[in-house]
Amino acid sequence: MFEQRRQPLLPRKMFYVRFARGASIGLLIILGSLVTGLAGYHWFERIPWLDAFVNAAMILSGMGPVAQLQTSAGKLFGGCYQRASIDHERWGDLCAGLPSVPAQISRRSSGEGPREQKVVTAREPWRSSVPRPQALRHTSPQIAFD
């Protein structure tokens with residue numbers, strides 16, 4: 001799904017397209033969860049729309065319900081919704097592509113940029129096909145004595 005460490009980075013435009021696609025999928029999952037909770041609390045618990053929204057939003061944020069649940073159907077729905085909201089929150093983060101963002105930022109800020117592929121010849125099988133970044137190369141410290 002994402003580039004491996006030794007593969008070249010995507011161009012910025014393609015990275016932004018992939019990130020926007022994942023973010024929109026994550027947003028749709030979260031909005032769908034919010035609408036499900038809103039409708040469920042309104043119909044099963046017979047609470048006003050605004051209070052149902054607050055309950056659904058608080059559960060999705062991990063804070064817990066605000067209104068006390070009175071009916072058996074509302075309690076059953078609330079338990080299932082709370083359990084499902086934990087899974088939706090994780091899926092929303094994963095679909096948004098958040099695991100790829102730190103890798104893209106660190107690789108671009110270190111000056112690596114898109115990596116060039118180097119052809120390994122038969123004479124040099126020990127060499128890596130990807131050059132090491134400058135920061136990882138061994139340098140001896142410069143010590144100045146006054």
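Summary table
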item	result
Summed side-chain charge close to F77 - residues other than F77 whose Cβ falls under 14 Å, Lys, Arg +1, Asp, Glu -1	+2
Per-pair calculated FRET efficiency, R0 = 22 Å: R83 and S24 via Cβ, rounded to 0.05	0.30
Per-residue ³J(HN,Hα) for the stretch 74-85, Karplus 6.51 cos²θ - 1.76 cosθ + 1.60, θ = phi - 60°, Hz, x for Gly and Pro	x, 5, 5, 4, x, x, 5, 5, 5, 5, 5, 5
FRET efficiency estimate (nearest 0.05) - Cβ-Cβ, A39 to S61, R0 25 angstrom	0.85
Residue-by-residue Karplus 3J(HN,Hα) for the stretch 2-17, coefficients 6.51, -1.76, 1.60, Hz, glycine and proline x	10, 6, 7, 4, 8, 8, x, 5, 5, x, 3, 4, 5, 5, 5, 5
Largest to smallest principal axis extent of the C-alpha atoms in the stretch 1-73, angstrom	57, 18, 17
FRET efficiency for Q70 and L31, using Cβ-Cβ distance with R0 set to 41 Å, rounded to 0.05	0.90
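Just so you know, all these numbers are worked out from the coordinates, no wet-lab data involved. Everything quoted here is computed from the prediction, not taken from an experiment. All Cβ positions, glycine included, derive from the backbone under ideal geometry; neighbour counts span all protein chains shown.
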